[in-house]
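Notes follow the structure.
The values are calculated or read from the model by the stated rules, or taken from the named source; none is laboratory data. Since this is a predicted model, take the numbers as computed values, not measurements. A quick note on method: Cβ atoms are made from the backbone with ideal geometry, for glycine too, and the neighbour counts reach across all protein chains shown.
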Amino acid sequence: MVRAYSEDLRIRVIRAVEEDGESARGAGRRYGVSESTAIKWVSRFNQDGSVSAQKSGRPRGLKVAAHRDFLAALMKDRDNTLDELQSALLEQCGMYASRALLWRFVHEEGLSYKKNSARQ
């Protein structure tokens, strides 16, 4: 896991550029960060005044959530397998989703049920 640079380091680089008149590239070399990183920090500070690290990673939420109604309609008869959901989503919506993603979505939405001989 990559950790974000400290806010203190970010502030020192930005101050070197803003207050001391040093170039972002020079400040990056001086403080041991890449030139492109220093340029991005200074640019972000000038745009919105922020020195803190941005949140990393993909935003939470499942990409199939936009197709919830379609998937819920397919699950209404409760006879569809994950493979059938996967192929229907690809054919009807043009979107590929892994079986693991579909299982997580179906489970979180409460659309799944345990298949066993007692229920049939």
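Being farther than 13 Å from L62 by Cβ and modelled with pLDDT of 85 or more is the filter here, so list the residues in the stretch 86-120 that pass it.
Residues satisfying the conditions are Q86, S87, A88, L90, E91, Q92, C93, G94, Y96, R99.
Picking from A88, A53, A66, which residue would you name as being surrounded by 11 or more Cβ atoms within 10 Å (Cβ to Cβ), free of Cβ contacts under 8 Å to residues at least 60 places away in the same chain and in contact with an Asp or Glu (Cβ under 9 Å, 6 or more places away or on another chain)?
A53
Go through S34, S87 for me and flag whichever is assigned by TED's automatic domain parsing to the domain that holds F105 and among the polar types (S, T, N, Q).
S87
Of all helices (runs of 4 or more DSSP H) completely enclosed by the stretch 1-90, which ones contain at least 3 residues that are under 22 Å from the mean Cα position of the chain (by Cα)?
Hits in the stretch 1-90: 35-48.
Can you find, within the stretch 30-39, the residue that is farthest from I11 (Cα to Cα) among those that are in contact with a helix residue (DSSP H, G or I) (Cβ under 7 Å, 6 or more places away or on another chain) and not polar (S, T, N, Q)?
E35
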